[in-house]
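I have placed the structure first, in the form of structure tokens, so that the comments after it can refer back to it.
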Amino acid sequence: MKNVIEVNHPLSKNLVTRLRDINTKPYNFREFISEIARILLFEALKNEPLVEKEIDIWIGKDKFPVLQEEKYVFIPILRAGLPMLDGILKVMPEAVSGFLAIKRNEETLESVLYYDRVPQLDGKTAIILDPMVATGGSLDYAIKVVKEKNPEKIISLNIIGAPEGLRRVSQNHPDVTIYIAQIDEKLNDKGYIIPGLGDAGDRAYNT
Ligand code: PRP
Ligand code: URA
């Protein structure tokens, strides 16, 4: 899985453990997801180009390096991807957002697309946000939808993944780089990640 990068920062490992803790309340759960998303983003964008921009500072005008934020389109998969977007837009307030609602059928584990509000992506870097990669069905589907919009590059930021799902997405989309905070042991027979954290959407929104 050459295109899957596990980000082994102690801060993100620490926050993943807090997410697993069933005593973590929804408000804190969303905050920790949002913080981990920022850590993943720092890693994913560490080699991105900067351009010079003239701005006004206290001693006059001068040129300084900036990231072309509007080139990046962040696409959370509803519901559980939403807190990731909140964290990221705090450090990239000029970035663009698009939305995909994908829900997996808990009986068949098939993913169903309910809502696609992703703009055309020509010349853009699309960054998909979803905390969980279990069977990989939802992420695989999201990448297919995003590819139809013709982005220049696709990155996926995820928090916990099962090897089975990551392998599937990695094989189907070798051109997409996946940054993940934690690769867990396996899936159980209901398609849940073990040890995982349970249902991320339910935990985040107290369902
Ligand atoms: C969760 C999670 C992923 C998906 C992962 O969403 O946020 O999108 O399951 O499972 P998969 O890899 O087997 O597809 P879910 O479908 O439960 O929707 P929700 O965020 O509304 O709870
Ligand atoms: N979705 C989740 O939120 N958690 C899992 O373990 C699997 C799918």
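The values are calculated or read from the model by the stated rules, or taken from the named source; none is laboratory data. None of the values given here were measured: they were computed from a predicted structure. A quick note on method: Cβ atoms are made from the backbone with ideal geometry, for glycine too, and the neighbour counts reach across all protein chains shown. These area figures cover heavy atoms from the full protein model, side chains too; ligands, DNA and RNA do not enter into them. Shrake-Rupley method; radii C 1.70, N 1.55, O 1.52, S 1.80 Å.
Just a few scattered comments:
- Index of the failed condition, LYS186 passing every other in (1) farther than 28 Å from LEU11 by Cα; (2) exposed (fewer than 13 other Cβ atoms within 10 Å of the Cβ): (1)
- None of LEU50, LEU139, LEU41 is out of contact with any Gly (no Cβ under 6 Å at 6 or more places or on another chain) and over 30 Å from ASP202 (Cα atoms) except LEU50.
- Number of residues in the range 39-61 that are of a type in the set (Val, Ile, Thr), in contact with a strand residue (DSSP E or B) (Cβ under 9 Å, 6 or more places away or on another chain) and farther than 30 Å from ASN8 by Cβ equals 3.
- The helices (runs of 4 or more DSSP H) found entirely in the range 1-100 that carry 2 or more residues being open to solvent by less than 70 Å² (accessible area, probe 1.4 Å) and polar (S, T, N, Q) are 26-44.
- Set ARG203, ARG104: member being near ligand 2 (Cβ under 10 Å from one of its atoms) and open to solvent by 40 Å² or more (accessible area, probe 1.4 Å): ARG203
- Test: residue in the range 167-175 that is of a type in the set (Lys, Arg), out of contact with any strand residue (DSSP E or B) (no Cβ under 7 Å at 6 or more places or on another chain) and surrounded by fewer than 23 Cβ atoms within 10 Å (Cβ to Cβ): yes
- Some residue of the range 24-31 being touching a strand residue (DSSP E or B) at 6+ places or on another chain (Cβ under 7 Å), within 16 Å of ligand 1 (Cβ to nearest atom) and either touching a residue at least 60 places away in the same chain (Cβ under 8 Å) or farther than 27 Å from ASP140 by Cα (or both): no
- Search result, residues across the range 107-138 that are under 22 Å from PHE32 (Cα atoms), aliphatic (A, V, I, L, M) and within 16 Å of ligand 2 (Cβ to nearest atom): ILE128, LEU129, MET132, VAL133, ALA134
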